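Some notes on the structure that comes next.
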Amino acid sequence: MRESIRTLLGDITQIRADAIVNAANPSLLGGGGVDGAIHRRAGPALLAECRTLHGCKTGSAKITKGYSLPAKYVLHTPGPVWHGGGHGEEAMLASCYRSCLELALSHDCRTVAFPSISTGVYRFPLDRAAPIAVGAVRGFLASHPAAFDEILFVCFDEKTKHAYDMALDHR
Ligand code: ADP
């Protein structure tokens, strides 16, 4: 059984979910990659709200409205920068997924879309990140049955989608 977790090849800024996740940096003041794409599509009001949040710790999450995005909310979570794996990177990455789902739950979000947190500029190896992401989401769903309708992993390229598909197939 695949639960209600799905992978999708595409651009997360196009997804009409209750919440999409932004792989942010701790300043929450915008950046490149998916962060830049989300801010561009949401419009300047997103940055204005982010300025009121005073940053966010790696592994935690903060919520804003989605503004011009099709999604109602954005969950901003700074993933860990990969420094070789001996600096708590794996635990911090799992914490990003759990923190976002906690926040989604407390805002009555039934559908949540994640990008592949940390596997871009932050260089977290994809083959390690995907099973951590899937394991963290599955663990959360197991302890919160019926909390969500669907969790999406929105993958920006084939290689990323393949890694998440593999992780979903292996228990
Ligand atoms: P990080 O700094 O956490 O590594 P990046 O934005 O550099 O974040 O990369 C995270 C992942 O998001 C990468 O797989 C990248 O290809 C992907 N990505 C970039 N733009 C988008 C987008 N518009 N929608 C979904 N994923 C995206």
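The values are calculated or read from the model by the stated rules, or taken from the named source; none is laboratory data. Since we're looking at a predicted model, the values are computed, not measured. Note: ideal-geometry Cβ built from the backbone for every residue, glycine included; neighbour counts use all protein chains shown.
Here are some notes:
- Remark: pairs (first residue in region 22-33, without any contact (Cβ under 8 Å) to a residue 40 or more places away in the chain; second residue assigned to a loop (DSSP other than H, G, I, E, B); Cβ separation under 8 Å; 6+ apart in sequence or on different chains) = SER27/GLY55.
- Pick from region 2-40, criterion within 23 Å of ALA163 (Cα to Cα) and among the basic types (Lys, Arg), ranking: modelled with the highest pLDDT: ARG6
- Matching residues, region 134-165, being within 11 Å of the ligand (Cβ to nearest atom) and under 20 Å from GLU102 (Cα atoms): LEU152, PHE153, VAL154
- Evaluation of PRO145 against the conditions (1) closer than 19 Å to ALA24 by Cβ; (2) modelled with pLDDT under 95 shows that the sole unmet condition is (1).
- Scanning region 4-44 for residues that are more than 13 Å from the ligand (Cβ to nearest atom), surrounded by 14 or more Cβ atoms within 10 Å (Cβ to Cβ) and more than 15 Å from the chain's Cα centre (by Cα) gives SER4, LEU29.
- Region 101-125 - residue that is surrounded by fewer than 17 Cβ atoms within 10 Å (Cβ to Cβ) and among the hydrophobic types (A, V, I, L, M, F, W, C) and, of those, nearest to VAL21 (Cα to Cα): LEU105
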